[in-house]
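Peer 1: Encoded as structure tokens, here's the structure I'll be asking about.
The values are calculated or read from the model by the stated rules, or taken from the named source; none is laboratory data. Just so it is clear, the structure is predicted and the values come from calculations on it, not from any experiment. When we count neighbours, we look across all protein chains shown, and the Cβ atoms used for this are built from the backbone with ideal geometry, even at glycine. Ligands, DNA and RNA are excluded from the accessible area calculation, which covers all protein heavy atoms including side chains. Shrake-Rupley method; radii C 1.70, N 1.55, O 1.52, S 1.80 Å.
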Amino acid sequence: MDWSAQLSNEAKTMQASDVSDLLRILEDPSIVSFAGGIPDQALFPIEALQDAQDALRGDPERLRRTLQYSSCEGYAPLRQWIAERQVAEGVEARADNVIITSGAQQSLALLAQALLDSGDRIAVGRPTFMGALQVFSLRQPRYCEVELDDEGLKPAALEEAFRAGARLLYVIPDFQNPSGISLSLERRQAVLRLARQYQALILEDVAYRALYYDTPPPPSLMALDGAASPLEDGCVVQVGTVSKTLMPALRVGWTIAPTPLIDKLVLLKQAQDLHTSTGNQVIAHTLSTSILDTHSETLRRVYRERRDAMVSALLRHLPNEVEISRPGGGLFVWLTLPEGSDSAALLRRSLAEEKIAFVPGAAFHADGGGANTLRLSFSTNSLEVIEDGIQRLAALLRGAS
């Protein structure tokens with residue numbers, strides 16, 4: 001049978017994901033990986049996890065309830081906790097404004113299904129998160145890429161996207177994946193002003209917000225929008241996750257939005273998986289309300305040291321013509337090589353000659369551009385491995401120039 005002829009139009013548009021390639025690379029212990037945008041598993045709060053699991057096992061009736069089918073909207077105490085965190089930031093949020101999803105990736109998938117039709121224009125950063133592009137591309141939109149500088153999205157470029165017809169903006173305002181750039185407070189206010197002017201919706205991804213290493217980020221776009229109007233009348237939908245702060249395998253994420261949109265997301269999720277694992281939600285709630293804040297302090301301390309080690313090594317070893325970002329948080333450093341450079345070819349050499357992995361920048365560009373850019377992650381390697389790996393990668397770069 002010709003299976004290609006049996007596929008839906010949506011399936012025919014799908015191509016192999018760089019994300020899956022990265023995960024395969026991570027399984028090879030001989031490779032020094034600066035590729036995966038993942039937390040360090042050595043920092044997972046295992047003892048707290050075991051305590052939470054023991055508490056469930058010690059209450060058989062509660063344990064049975066967590067193993068049963070459950071509400072599509074999500075575990076009520078977890079939704080309430082998320083809403084209360086928003087209230088603390090000045091947002092008039094209620095549990096009814098929250099749906100729990102199987103990771104932030106499902107949040108993006110549900111929102112894309114709810115908000116995008118084929119041919120719709122969507123504004124995204126240049127560069128932006130490859131996983132979001134993968135999700136949005138299934139809806140076959142037309143991308144309006146918005147250039148970034150050191151303060152984030154350029155307002156003039158964003159307004160051009162809105163004038164071109166984009167009515168949805170996807171943005172990671174805090175320590176963006178992949179660039180590490182954060183939106184300044186002034187830019188956040190400009191983004192909100194333009195979204196209101198053009199009646200556009202902002203999809204705010206706050207996956208890295210807690211991972212700041214210098215100073216806390218400015219108020220979220222949702223909080224700034226909430227200062228001007230109630231959440232139900234606002235223009236910001238927010239996506240969050242515990243994957244970067246607790247552990248990815250819980251697969252617990254969420255969307256915060258006006259209730260009419262939440263109602264539609266609930267119906268879409270029912271059609272996908274009925275509900276996110278209740279047991280995982282219970283554990284996520286237990287850990288979030290007990291150790292999350294102190295655990296996040298540990299993450300910031302460790303990742304700050306690794307960020308500093310990578311940036312320092314890059315500045316000492318890389319050729320002067322390579323531009324280096326110095327992120328205030330998150331997990332990534334972004335490199336811009338001289339025009340005409342090919343980071344994909346460099347990766348092939350790097351894997352073959354030095355067994356060092358990184359992510360070529362084209363994966364983060366909606367138009368496939370950015371061949372002279374690449375992303376490095378510092379989250380999973382020791383200071384010694386970072387120094388040695390960057391020194392060897394820099395030698396390859398010097399040889400390629």
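Peer 1: Quick one: how many residues across region 188-233 are open to solvent by 20 Å² or more (accessible area, probe 1.4 Å), touching a helix residue (DSSP H, G or I) at 6+ places or on another chain (Cβ under 7 Å) and in a helix (DSSP H, G or I)?
Peer 2: Selection size over region 188-233: 3.
Peer 1: Which of (1) closer than 15 Å to L393 by Cβ; (2) assigned to a loop (DSSP other than H, G, I, E, B); (3) small (G, A, S); (4) in contact with an Asp or Glu (Cβ under 7 Å, 6 or more places away or on another chain) does A313 not meet, given it meets every other one?
Peer 2: (2)
Peer 1: Out of all the residues in region 218-241, which are charged (D, E, K, R) and in contact with a Leu (Cβ under 7 Å, 6 or more places away or on another chain)?
Peer 2: Quick first cut of region 218-241, residues charged (D, E, K, R) only: 225, 232-233.
Once the filter is applied, which keeps residues that are charged (D, E, K, R) and in contact with a Leu (Cβ under 7 Å, 6 or more places away or on another chain), region 218-241 yields only D225.
Peer 1: Look at region 376-387 and say how many of its residues are open to solvent by 10 Å² or more (accessible area, probe 1.4 Å) and either modelled with pLDDT under 95 or not aliphatic (A, V, I, L, M) (or both).
Peer 2: 5
Peer 1: A further question on this structure: In region 138-169, which residue that is surrounded by fewer than 16 Cβ atoms within 10 Å (Cβ to Cβ) and in a helix (DSSP H, G or I) is farthest from the chain's Cα centre (by Cα)?
Peer 2: That would be R163.
Peer 1: Another one. Kindly indicate which of P230, P219 is modelled with pLDDT under 95, within 22 Å of G90 (Cα to Cα) and over 16 Å from the mean Cα position of the chain (by Cα).
Peer 2: P230
Peer 1: While we're here: Can you tell me which residue within region 107-126, out of those that are open to solvent by 10 Å² or more (accessible area, probe 1.4 Å) and not aliphatic (A, V, I, L, M), is farthest from E10 (Cα to Cα)?
Peer 2: R126
Peer 1: Name the residue that is nearest to the chain's Cα centre (by Cα), counting only residues in region 102-130 that are touching a residue at least 40 places away in the same chain (Cβ under 8 Å) and in a loop (DSSP other than H, G, I, E, B).
Peer 2: F129
Peer 1: Continuing with the same structure: Could you say whether any residue in region 87-106 is surrounded by fewer than 20 Cβ atoms within 10 Å (Cβ to Cβ), modelled with pLDDT of 95 or more and among the hydroxyl-bearing types (S, T, Y)?
Peer 2: no
Peer 1: Now for a different question. Considering only region 52-101, state which residues are part of a helix (DSSP H, G or I), under 23 Å from L224 (Cα atoms) and basic (K, R).
Peer 2: If we filter region 52-101 for residues that are part of a helix (DSSP H, G or I), which is where we start, we get 52-57, 60-66, 76-88, 95-97.
If we keep only those that are under 23 Å from L224 (Cα atoms) as well, we get 79-88, 95-97.
R79, R85 - these are the residues of region 52-101 that are part of a helix (DSSP H, G or I), under 23 Å from L224 (Cα atoms) and basic (K, R).
Peer 1: OK, next. Which numbered condition trips up V135, out of (1) touching a residue at least 40 places away in the same chain (Cβ under 8 Å); (2) assigned to a helix (DSSP H, G or I)?
Peer 2: (1)
Peer 1: Evaluate region 336-348: report whether one residue or more is touching a helix residue (DSSP H, G or I) at 6+ places or on another chain (Cβ under 9 Å), assigned to a loop (DSSP other than H, G, I, E, B) and within 16 Å of I386 (Cβ to Cβ).
Peer 2: So far as region 336-348 goes, no, none of its residues is touching a helix residue (DSSP H, G or I) at 6+ places or on another chain (Cβ under 9 Å), assigned to a loop (DSSP other than H, G, I, E, B) and within 16 Å of I386 (Cβ to Cβ).
Peer 1: Among the candidates A362, A357, single out the residue that is under 19 Å from the mean Cα position of the chain (by Cα), over 26 Å from P216 (Cα atoms) and either buried (at least 20 other Cβ atoms within 10 Å of the Cβ) or in contact (Cβ under 8 Å) with a residue 24 or more places away in the chain (or both).
Peer 2: Exactly one of A362, A357 is under 19 Å from the mean Cα position of the chain (by Cα), over 26 Å from P216 (Cα atoms) and either buried (at least 20 other Cβ atoms within 10 Å of the Cβ) or in contact (Cβ under 8 Å) with a residue 24 or more places away in the chain (or both), namely A362.
Peer 1: Sticking with this structure for a sec: Of the residues E61, E89, which is acidic (D, E) and over 22 Å from G234 (Cβ atoms)?
Peer 2: Going through E61, E89 in turn, the sole match is E61.
Peer 1: Residue under question is D40, and the condition is that it be modelled with pLDDT of 95 or more and open to solvent by less than 80 Å² (accessible area, probe 1.4 Å); does it hold? Working first, answer last.
Peer 2: On the way: modelled with pLDDT of 95 or more: yes; open to solvent by less than 80 Å² (accessible area, probe 1.4 Å): yes.
In short, yes.
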